[in-house]
Amino acid sequence: MKRADGSFETDRILVRRFTEDDWADLRQIAKDMESSGGAIYDHAWPTSEEGAKGMAGWLAKKDTFFAACLKGGGRIVGLVCLNGVDASGAADLGHMFHTAFRNQGYDTEAIRCMVDLAFADPQVTLVKAGNAVDWPGQLAPLEELGFKETARRPASFAKDAEGKPVEFTACRMEMTREDWQGRAEAGGP
């Protein structure tokens, strides 16, 4: 449910804009990301205190990035974003959650809020997300919400110890406005 302040609320989480004070929780998410097997599928995250403070400051200035916070404590357990809408009306969705909070539905709830936000814009015809095929923690909430894989392609963001690109297969997942509305009408997740 969207709130008057532009944040979103579910039974268990609050999805809100970032503030500069969010750096410590962001640092924990970054450390978790960089120590996980998923690090090879994304750009490197800053894990130092200075880097986390810089990231929090940068995110706080953007209106497309949201912190997914546990209710009743406020701890940030993930990040969700809408990276813009292309000329065809496709909104680009991104998400990253601390591994300790995956497979508990928090990521699914936060992504649902972002998809609702995207489709509140009448120009958006679909929401797309790109993730590594071999990173099930990223794909699971999208699949639960009914996103469908539409394409695969080679990708690379990280480098190995020798400085060579680490290549992987990325998949594009999509949800059309019509499918989203149909799932909502049918009482789907």
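Readers should treat all values here as calculations from the given coordinates under stated rules, not as data from a laboratory. Model, not experiment: these values are computed from the prediction. Counting neighbours? That spans all protein chains shown, and the Cβs are built from the backbone with ideal geometry, glycine included.
Here are the numbers for this structure:
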{"read-out": "Kyte-Doolittle at least 0.0, axis length at least 15 Å by Cα - qualifying DSSP helices, the chain", "value": "106-119"}
{"read-out": "Fewest-first ranking of S156, S88, S36, using other Cβ atoms within 10 Å as the exposure measure", "value": "S88, S156, S36"}
{"read-out": "Value at 222 nm in deg cm²/dmol, rounded to 500, when DSSP H runs of n ≥ 4 in the chain each add -39,500 (n - 2.57)", "value": "-9000 deg cm²/dmol"}
{"read-out": "Lys pairs under 15 Å by Cα in region 8-185, provided they are eight or more residues apart or on distinct chains", "value": "4"}
{"read-out": "Residue exposure sequence - S7, S35 - by fewest surrounding Cβ within 10 Å", "value": "S35, S7"}
{"read-out": "Dimensionless Rg/Rh of the chain - Kirkwood Rh, Rg from C-alpha atoms", "value": "0.95"}
